[in-house]
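Since the structure comes first, as structure tokens, the remarks are kept for the end.
Every number here is computed from the coordinates shown, using simple stated rules; none is lab data. Predicted model, so just to flag it, every value in this text is computed and none were measured. Cβ coordinates were reconstructed from backbone atoms using ideal geometry, including for glycine residues, and neighbour counts include every protein chain displayed.
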């Protein structure tokens, strides 16, 4: 067969060598094989197979044959076609052998079966490498040595032992229970400590937050400025009564920003506690003539401070509040 040497050469260079109108030889890479029981090492190699369905001409075989025989591509292709016709006729009566590659036969279903020889390694990276047998350098003594028999000491004098097996067994049974009990006590102690110190930490943080809120509100009130516009002048005509001035004692005047009026003292105290928790310096004012308990956001002796707080609550905080002068 004139095509056989060309096919063998191309299998070293290509993974697929197609023979037009016949089939294709394919190579599959196989990694190093090591047989642990026999100690045989096989180098990497390429296994050859055949696929009857790949019949389209890829030009590899015809181009290689044209270069080797110094003929045109068309002439090389005609030679391949003639060779393929001879192969198909021979397969009807006998097997077809490709030296160094494998053997082909027709099965009862008229399909080609290919059996590779495996004598040639078509992997160029493994050129010159052969299979070899590695003998073990040493045999572990654990596998070769037989276990020594265990000698049991007998009590020839039949003396009583200080510790008997039954006592040891009882101790081994009790020890896990004791261990679990100790672990449980330690766990309960840790949980109790974490709960106590956690509550202390939360209480301290809440007190710090309340104090910071009060300081911030006072600072905002002191820094806040409001444009109240210009006030019109009022002309008042007062008639002084020296006798009343001398007899009436001077009283302290308070200026308050009222948050609400309550008939129930309990409700008033709840509102007072809420305002203090929010950071306000809240306080009670004098009971009004109707007997209602008035709770103030703040109670001042300075009118400016009271007005600043009133405007801050109304316009900045958007809450209801009203201004009161206590004479």
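Here are the numbers for this structure:
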quantity	calculated
Likely footprinting exposure, 87, 322, fewest C-beta neighbours within 10 Å first	322, 87
Cα centroid of segment 31-63 to Cα centroid of segment 279-327, whole Å	98
Inter-probe distance in nm under a simple model that places probes 7 Å from Cα toward Cβ, at residue 266 and residue 31	8.3
Projected-area average for segment 4-133 over all orientations - Cα convex hull basis, square nanometres	9.4
Over segment 251-326, relative contact order from alpha-carbon pairs under 8 Å, at least 6 apart, %	43
For segment 251-326, alpha-carbon Rg relative to the globular expectation (2.2 N^0.38 Å, N residues)	1.03
Order of 18, 93 - criterion: other Cβ atoms within 10 Å of each residue's Cβ, fewest first	93, 18
For segment 6-21 and segment 86-121, distance of Cα centres in Å	16
